[in-house]
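Values in this text are rule-based calculations from the coordinates and carry no lab data. These numbers were taken from a predicted model, which means no experiment stands behind them. Positions of Cβ are generated from backbone atoms using ideal geometry, with glycine treated the same way; all protein chains shown enter the neighbour counts.
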Amino acid sequence: MHHKTVLDNGVKVLSERLPHVRSVSLGIWIGVGSRDERPEESGISHFIEHMIFKGTHRRSSLEIARELDAVGGFSNAFTSKENTCIHGRVLDRHFPRLVDILSDLFLQSVFDREEMDREKQVVLQEISMVEDTPEEYVHLLHGRHCWPDHPLGMSVLGSDESVGTFDQGLLLDFYQRYYTPERIIIAAAGNIQHDDLVAAFRPLFGDLPTGTRIGDDRKPSLHPGTFCYEKELEQVHLCLGGRAPELTSGDRLAGALLNTLLGGNMSSRLFQEIRERRGLAYAVYSFLSAYLDTGLLGVYLGTDPRWVNEALAVVKQETARILEGDLSEDEMEMMREHLIGGILLGAESTDNRMMRLAKNEYVYNRYVSYDELIENLGKVRVEDVIRVARDCFQSGTVSLVALGPLEEGDLDPEVLRFS
């Protein structure tokens, strides 16, 4: 059973009781991410996520680590374009301890100046790791060119320049602006009673002062184009894509099915044609990045510089087949079953259930059952997938970034002309 309580100040408390397990997964979510940042603040949400674990008024960073380890569970945190979350999973008998620790981190972090200086070096190393990993860095470059005039195009990690300017005042100002009750979701899944969850968090979060909704509410506009970054590498790393349905779109499930068909698994068209039949790439896949007000369906592959145009021609060929209606009911059924399998297998994890509670509340303001999701997948028709594909892969709307030993003049312009 799922339950929802909204505290007087707007904090949402969600739970799903699973009495057959011995654990509880708990997450404290805040509706803020890199798309809420100004250029000079780029990476600050992610940096705050790091600093939350570096000491509170009650605990040092070492004490935080020891206490989390002592309960024999798992804890972590992440920052995305639109959310930040700190979460943990423990045995049900240790749940009160997890509540105390995570609440302390979220509410009482001190953002110590010396800890900040040390953590800057850690984050700068994290940025360098991405830049030294071309298959990751090309995605960052692609996002930057897709949304060049919108915060959605900025890296979640920030840059060397922006992170280097962070100080305690800037962090506290950002925290006070965005870490407000109307953005907070507390979600738990596992062997927990909802009343106990509310009773644990109401005294801690119920009196937080309300804030004002702020941020960049401009709808991002996807920019097409071709961009080459020359670098001495063995391979050329390619990332291309176009517009896809946003999270709130009625076409979002058609987009998920299209992604599965194109390059979402080992039987997908791009994997079979580019890797299995032609041997043009070891890594090739498609991906779907969906946000509240926009989306991107993309393709990544890494290939020998000699085979770039051939590989891109295959991408064009396989997308053209879909645009022309080459999609059978049997393929649709296989894709549905692949997605349903992933959904239901994921349902066996309390972490996945906790995250699903929070994400559905954030996007749809309600609980979405597994049965409802599977039923809606069954309603998607072949023509829906083809229509979404035609929306995504149009001439003049697709963006491409190439990273490696390649000049823009080496690209055959015909392989980038989608119809």
**Message:** Suppose each label sits 7 Å from its Cα in the direction of the beta carbon; what would the D371-N352 distance come out to in nanometres?
**Reply:** 2.0
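Only bridges with both residues in segment 2-205 count here: give the DSSP antiparallel percent, nearest 5. Before the final figure, lay out the partial values.
Numbers: 27 of 33 bridges.
For segment 2-205, the DSSP antiparallel bridge percentage is about 80.
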**Message:** Give me the net charge for the shell around L91: Cβ to Cβ below 11 angstrom, other residues only, Lys and Arg +1, Asp and Glu -1.
**Reply:** +3
**Message:** Give me the one-decimal nm value for the distance between modelled label points at T5 and R387, 7 Å along each residue's Cα-to-Cβ direction.
**Reply:** 4.3
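Between exposed chymotrypsin sites (Phe, Trp or Tyr not before Pro) in the chain, where DSSP calls loop and at most 16 other Cβ atoms lie within 10 Å, what's the longest gap? Provide the component values of the computation, followed by the final result.
Numbers: sites that count: Y282, Y367.
For chymotrypsin sites (Phe, Trp or Tyr not before Pro) (loop position, at most 16 other Cβ atoms within 10 Å), the longest site-free span of the chain is 1-281.
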**Complete:** Helix-only [θ] at 222 nm, the chain, -39500 (n - 2.57) per DSSP H run of 4+, per residue, nearest 500, equals -13000 deg cm²/dmol
**Shape box of segment 273-375 [Cα atoms, principal axes, largest first, Å]** = 49, 30, 28
**Request:** Taking every Cα atom in segment 2-205, find the radius of gyration and the maximum pairwise distance Dmax, and write them in Å.
**Result:** 17.7, 50
**Request:** Using the number of other C-beta atoms within 10 angstrom as an exposure proxy, rank M354, M334 with the fewest first.
**Result:** M334, M354
**Prompt:** Just in segment 328-419: which GluC sites (Glu not before Pro) are loop by DSSP and have at most 16 other Cβ atoms within 10 Å?
**Reply:** E348, E407
**For the chain: relative contact order, % (alpha-carbon pairs under 8 angstrom, 6 or more apart)** = 22
**Prompt:** If the cut-off is a Cα-Cα distance under 19 Å, which aspartates and glutamates reach K231, setting aside same-chain residues fewer than 8 apart in sequence?
**Reply:** E131, D132, E135, E136, D304, E407, E408, D410
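Take the Cα radius of gyration of the chain and divide it by 2.2 N^0.38 Å, with N its residue count; two decimals is plenty.
Numbers: Rg = 22.7 Å, N = 419, 2.2 N^0.38 = 21.8 Å.
With N residues counted in the chain, Rg over 2.2 N^0.38 Å equals 1.04.
Which value, in debye to the nearest 20, gives the size of the charge dipole of segment 364-419 about its Cα centre, when Lys and Arg are +1 and Asp and Glu are -1 at the Cβ?
Details: 6 positive and 11 negative charges, 72 e Å.
With only Lys, Arg, Asp and Glu charged at Cβ, the dipole is about 340 debye.
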**Request:** For each of D293, D326, count neighbouring Cβ atoms within 10 Å of the residue's Cβ, then give the residues from fewest to most.
**Result:** D326, D293
**segment 1-123: Lys pairs at Cα distance under 24 angstrom, eight or more positions apart or on different chains** = 5
**Message:** Quick check on segment 225-416: of the DSSP beta bridges with both residues there, what percent are antiparallel, nearest 5%?
**Reply:** 75
